[in-house]
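Taking it in order: structure first as structure tokens, then the write-up.
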Amino acid sequence: MSKKTQQIEEARARIGGAGLGATPARMAVLNHLSVYNGPVSHQEVSDKLEAQGYDKSTIFRALQDLSQAGLARRMELGDHVWRYEILTAGSDPKHADQGHPHLLCVDCGTITCLSDKDVKLNVSKAVGTVADILLRGHCSDCTVSR
């Protein structure tokens, strides 16, 4: 089986497993999110998929469906723009809103996903729960060029 065929079958299985129909738009959006290493806006997804015949409203509905089904995570990083990122296969949908930290580069605007190895945070249960962690700083590319 070719890699592309395998990706299509994996997307179909994930979408179907979440209780959604595996429409061409949902599959295209899920596959598109899987190639990014961080959250992307509806506009960024639309810019890539409109050439394949999908309109902005169809892409928006697909993003909403995928996030509500626990296949993608929707977040706002302080600039009033909703962004979406894929949740890895095997993520528990009940924990879909427990995200990981992100670094927003104040120079170029790049958003980088950070792991627990990159950032350690201890929050007392008395304080509550943390939904998002956004660090602002300079990405490695911009730090080198400074």
Index of the failed condition, Arg83 passing every other in (1) farther than 21 Å from His102 by Cα; (2) of a type in the set (Lys, Arg); (3) touching a Pro at 6+ places or on another chain (Cβ under 6 Å): (1)
Filtering the range 74-97 down to residues that are at pLDDT below 50 and among the aliphatic types (A, V, I, L, M) yields Ala96
Across the range 34-48, what is the total count of residues that are without any contact (Cβ under 8 Å) to a residue 24 or more places away in the chain and under 23 Å from Lys3 (Cβ atoms)? 2
Name the one entry in Met27, Met1 that is more than 25 Å from Thr112 (Cβ to Cβ) and part of a helix (DSSP H, G or I). Met27
Taking the criterion of being closer than 19 Å to Ala18 by Cβ, touching a Ser or Thr at 6+ places or on another chain (Cβ under 6 Å) and surrounded by fewer than 20 Cβ atoms within 10 Å (Cβ to Cβ), would at least one residue in the range 72-82 satisfy it? yes
Consider Gly17 against the criteria (1) without any contact (Cβ under 8 Å) to a residue 24 or more places away in the chain; (2) within 15 Å of the chain's Cα centre (by Cα): it satisfies all of them except one. Which criterion is unmet? (2)
Identify the single condition in (1) modelled with pLDDT of 90 or more; (2) over 21 Å from Met75 (Cα atoms) that Ala11 does not satisfy, given that it satisfies every other one. (1)
Hey, can you tell me all the residues within the range 28-41 that are at pLDDT 90 or above and surrounded by fewer than 18 Cβ atoms within 10 Å (Cβ to Cβ)? Asn31, Ser41
Can you go through Lys4, Lys56 and tell me which one is surrounded by 12 or more Cβ atoms within 10 Å (Cβ to Cβ), of a type in the set (Lys, Arg) and free of Cβ contacts under 8 Å to residues at least 24 places away in the same chain? Lys56
Odd one out for Val45, checked against (1) closer than 21 Å to Glu76 by Cα; (2) part of a loop (DSSP other than H, G, I, E, B): (2)
Filter result (assigned to a loop (DSSP other than H, G, I, E, B) and either among the acidic types (Asp, Glu) or in contact (Cβ under 8 Å) with a residue 24 or more places away in the chain (or both)) within the range 108-128: Cys108, Thr110, Asp116, Asp118
Got at least one residue in the range 98-107 being among the charged types (D, E, K, R) and modelled with pLDDT of 80 or more? yes
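The values are calculated or read from the model by the stated rules, or taken from the named source; none is laboratory data. Nothing here was measured: the structure is a model prediction, and the numbers come from that model. All Cβ positions, glycine included, derive from the backbone under ideal geometry; neighbour counts span all protein chains shown.
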